[in-house]
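Structure first, commentary second.
Bear in mind these aren't lab numbers, they're just calculated from the coordinates by the rules spelled out. Predicted model, so just to flag it, every value in this text is computed and none were measured. FYI the Cβ positions are ideal-geometry reconstructions off the backbone, even for glycines, and counts take in every protein chain you see.
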Amino acid sequence: RISNQGGNGVCVYQSEMNADALLRLELSHDLRQAAEQNELLIYYQPKINLINGNLIGAEALVRWQHPQHGMISPAEFIPLAEETGSIGRIGEWILRAACARNRQWQTEGYPPQSIAVNLSARQFNRELPKQVAQILRDTGLEAKYLELEITEGIAMSVDSSIDIMRQLRELGVKLAIDDFGTGFSSLTYLKQFPIQTLKIDQSFVKQLEHSLSDRAIVRSIIELGHHLELDIVAEGVETVEQKQMLEEYRCDTMQGYLFSRPVPADEYEKFLITPSPGSSNKRKTT
Ligand code: C2E
Ligand code: MG
Ligand code: MG
Ligand code: MG
């Protein structure tokens, strides 16, 4: 409602402007500087081998520590960054930071492992393979220690997506389909994607104990994935019962609060130095 009862029209308009819209405006402005101002943090969530309990790596998950608004979730600001075009810089910063951190852990003597980084739709373009190659060169990280996660939606919506995936594979980077089962990828596409990993969306895992149909879906994804020689990661594992069912269904890897929430890099290092049962992972004292 723009009042015309006199006074300063602009002021009236602003005061009645939806608070949400104002906040979005403020945040999209601040986002442009967020990386440069050191406001972005990367948290790491462990991924665990369901067969032997070993730590096999982590997913990098970005957070925004806003000076006034506190910690902001990527589910909120990544879409905003996409809409306003900041995603290019932010996405590149995240990739570089995760690769540099992973490389640093290796030079400090921690056992090498791969870190998965999420890509957003606008990052997944023809320039991406070149950008990734440059980041790997700059950070000195071997390509096999970087995994890129894209959703089915992203993989399906770009004409040249299979081409881009192939170029990334030629570099030696691993590829995963994230949130699998929630998109609309056809099996025809799935078999053409040069991917190594399927991540079962957490919405199916959540109801595993209580929903027959979710159980059927999870089992089918695992079986289908294995026939396509893919590794299967279950996301959002929160209970022992879910873990046991996933073990029974021969799922390869789990990720979820049951083992750990995403944690800051220094906290993640604790997982790296604790040798898992049956593994000979030891931190070298270099
Ligand atoms: P995602 O890639 O599917 O990541 C998994 C999300 O599930 C993360 O939320 C993680 O914290 C959460 N999660 C993990 N285990 C559990 C669990 O046991 N229970 C529950 N309830 N949740 C669990 P987060 O960190 O808030 O990220 C949300 C989404 O934002 C991500 O979903 C991803 O799509 C996007 N995102 C996060 N970081 C980045 C990034 O660096 N770049 C881009 N483009 N997107 C990102
Ligand atoms: Mg992900
Ligand atoms: Mg996911
Ligand atoms: Mg997601």
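The count of lysine pairs in the range 133-286 that are at least 8 places apart or cross chains, and whose C-alpha atoms lie under 26 Å apart, stands at 18.
For the chain, modelled as a GNM whose springs connect Cα atoms under 10 angstrom apart, the maximal fluctuation among 70, 236, 88 occurs at 70.
Run the helix sum for the chain: -39,500 (n - 2.57) per DSSP H stretch of 4+ residues, divided by residue count, reported at 222 nm to the nearest 500 deg cm²/dmol. Provide the component values of the computation, followed by the final result.
Numbers: 12 runs with 130 residues, N = 286.
Computed mean residue ellipticity for the chain: -13500 deg cm²/dmol.
Positive contributions from Lys and Arg (+1) and negative ones from Asp and Glu (-1), summed over other residues with Cβ under 12 Å from the Cβ of residue 46, come out at 0.
If you run the Gaussian network model on the chain, springs between alpha carbon atoms under 10 Å, then out of 91, 109, 225 the most flexible one is 109. Between the range 67-84 and the range 207-267, the C-alpha centres lie 28 angstrom from each other. Of all the options 139, 188, 84, the one that moves most in a Gaussian network model of the chain with Cα springs shorter than 10 angstrom is 188.
Report, in debye and to the nearest 20, how large the dipole of the chain comes out about its Cα centre when Lys and Arg carry +1 and Asp and Glu carry -1 on their Cβ. Each step should come with its number before you reach the end.
On the way: 29 positive and 38 negative charges, 143 e Å.
For the chain, the charge dipole is close to 680 debye.
Shape analysis of the chain based on the Cα gyration tensor places the equivalent ellipsoid semi-axes at 35, 24, 21 Å, largest first.
How much net charge surrounds residue 258 when only the other residues with a Cβ under 14 Å from the Cβ of residue 258 are counted, with Lys and Arg +1 and Asp and Glu -1?
Details: positive: 47, 206, 243, 261; negative: 209, 235, 238, 241, 247.
Net charge in that neighbourhood comes out at -1.
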